[in-house]
Amino acid sequence: MKSSLFIDVVCLLAGVALIILLTTRFRVHAFFALLLSCAVVGLGVGLSPDSVIGIAKDGFGNIMRSLGFIIVLGTTLGVLLEHTGATRVMAEYILRRTGERRSPLAMSITGFIVGLPIFCDSGFIVLSGLNKSLARRSHTPLVIMSVSLATGLYSVHCLIPPHPGAAAAAGTLGVDLSRLIPYGIIVAIPAAIAGYAWARFAGRNEPPPREEDEPVDIPENEGPSVVNAFLPVVVPIALIGLRSFLSIGDTHPSPTLSFFLVLGDPVAALFIGILLAFAGGRDWRRHHLGSLLNDAVEKAGSVLVIIGAGGAFGAILAATKMGDQLSASLPLARLGIFFPFLLTAVLKTAQGSSTVAIITASSIVKPLLPALGLATGNGPLLCVLSMGAGSMLLSHANDAYFWVVTRLSGLGLKAMLRTYSPATALMGLIAYAAVYILSRLIG
């Protein structure tokens, strides 16, 4: 199979345009959009139909092998934390530590911590009632509270596994999750601070909630203890981070070290988090537990098929050898980590989903890593972080999470476009700046 660079680029652009068109205008599920793009690109560059099918199946299977357990276990942990009330317990504890005068900061920190295992839309749904109650009690404009919470959740959703975009990109580029998670947290912190700072600035002249608004009742003294609420989140992160530290330079670990390395594997660490979440719950009933686990698996399944289709799309792009031709024709080395950031930002802004944007971008970028100077050392890690930063920018009316925040917070479309959307743009830029600084230190 041989094709010109021009044909390759046209086919790639047609595939990406098809993904954007189908997911935005026709509301087609991203799985089918990515699958159709595999056919468009593969057949367009001259691959035979049976080769396209075989390559796509291999790509789908490879990404499932590396990420299937992580996505299912991470989703299950999030569902259990919602059900046991651990999220509310964590939020109330943080509020007591910060004080009601700093309730926006409390919601930002809560969003950051709760968002580590829980998808951003689920986290906002669970915490929206508490958010409104705190806004009323502290006489803080609701727009400040809502954007603080939304950006705290969003910062980790775009950068840190087991969230699907970052996890899929890591699987595609071969990045060790035990290294991506701690570095992702480092990049997410300034992004969350930027979102919180913008919320305070943009909402400074907004009126506080009216006293006659119907109060939101938040149940007290329900859920696990503070320690039991935090353990399912803190312990897996600590184990994964410990594995990253212990594995440095030790090619023949002792039995004790090997034991901790196994515990620090993301699959084992997340499973331990699930066990700790069970320990924090009360009055488990068999039929209720079965329903919760079914919900978690079904929720994970929707994510897994998108990630698998993204792996198939990436395998098709790799088979075209398009990366070699682009590397020889374009000065990509000058762009470095800026190219994956820019590509993901364009895809995110165009079609709305951070997950689809980073999955698509990682498939395109993988064959270009050598030309970008990111194929060795920490290059793939920095590339994933750069794409995560790009997937923050820009959340607006074509993003499902945008509408979750809009509807549950009660803010109007204009207020959201004036406050939340610029916050996500600033977050993406700050996150990229953090990645760039990181590249100077570890690159």
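The values are calculated or read from the model by the stated rules, or taken from the named source; none is laboratory data. Computed from a predicted model, the values in this text were never measured in an experiment. Glycine gets a Cβ as well: all are built from the backbone with ideal geometry, and neighbour counts include every protein chain shown.
Details
- Options ILE53, ILE7, ILE20; residue that is part of a helix (DSSP H, G or I), under 21 Å from the mean Cα position of the chain (by Cα) and over 30 Å from LEU130 (Cα atoms): ILE20
- Residue in the range 367-386 that is in contact with a Cys (Cβ under 9 Å, 6 or more places away or on another chain), touching a residue at least 12 places away in the same chain (Cβ under 8 Å), within 13 Å of GLY336 (Cβ to Cβ) and assigned to a helix (DSSP H, G or I) present: yes
- For SER66, the stated conditions do not hold, so it cannot be described as crowded, with 24+ Cβ neighbours inside 10 Å and within 21 Å of the chain's Cα centre (by Cα).
- Cβ-Cβ under 7 Å pairs, at least 6 apart or on other chains, the range 251-277 side over 19 Å from GLY171 (Cα atoms) and small (Gly, Ala, Ser), far side surrounded by fewer than 19 Cβ atoms within 10 Å (Cβ to Cβ) and at pLDDT 85 or above: GLY273/VAL235
- Exclusive hit being surrounded by fewer than 22 Cβ atoms within 10 Å (Cβ to Cβ), in contact with a Leu (Cβ under 8 Å, 6 or more places away or on another chain) and modelled with pLDDT under 85, set GLU100, GLU92: GLU100
- Restricting the search to helices (runs of 4 or more DSSP H) fully inside the range 255-362 and requiring at least 2 residues that are among the polar types (S, T, N, Q) gives 255-263, 286-319, 322-329, 338-351.
- Any hit, the range 388-400, residues being at positive phi and modelled with pLDDT under 95: no
- In the range 104-123, the qualifying residues are those that are surrounded by fewer than 24 Cβ atoms within 10 Å (Cβ to Cβ) and not aliphatic (A, V, I, L, M), and the one that is farthest from ARG136 (Cα to Cα) is PHE119.
- Per the conditions (1) more than 20 Å from CYS120 (Cα to Cα); (2) out of contact with any Gly (no Cβ under 6 Å at 6 or more places or on another chain); (3) modelled with pLDDT under 90, the sole criterion not satisfied by LEU275 is (3).
- Conditions (1) in contact with a Leu (Cβ under 7 Å, 6 or more places away or on another chain); (2) touching a residue at least 60 places away in the same chain (Cβ under 8 Å); (3) closer than 23 Å to GLU206 by Cα; number of the one not met by VAL404: (1)
- Residue list for the range 146-163, restricted to those being in contact with a Cys (Cβ under 9 Å, 6 or more places away or on another chain) and either in a loop (DSSP other than H, G, I, E, B) or modelled with pLDDT under 95 (or both): CYS158, HIS163
Quick grid of which residues meet (1) at negative phi; (2) at pLDDT 90 or above; (3) of a type in the set (Phe, Trp, Tyr):
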residue	(1), (2), (3)
ARG282	yes, no, no
ARG285	yes, no, no
LEU289	yes, no, no
LEU293	yes, yes, no
ALA296	yes, yes, no
GLY301	yes, yes, no
ALA309	yes, yes, no
PHE313	yes, yes, yes
ALA318	yes, no, no
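- Checking ALA268 against (1) at pLDDT below 90; (2) surrounded by fewer than 19 Cβ atoms within 10 Å (Cβ to Cβ), the condition it does not meet: (1)
- Output for the range 327-348, where each listed residue is closer than 23 Å to TYR436 by Cβ and over 26 Å from the mean Cα position of the chain (by Cα): SER327, LEU330, PRO331, LEU332, ALA333, ARG334
- Residue list for the range 410-442, filter: surrounded by fewer than 17 Cβ atoms within 10 Å (Cβ to Cβ) and outside any helix (DSSP H, G or I): GLY410, GLY412
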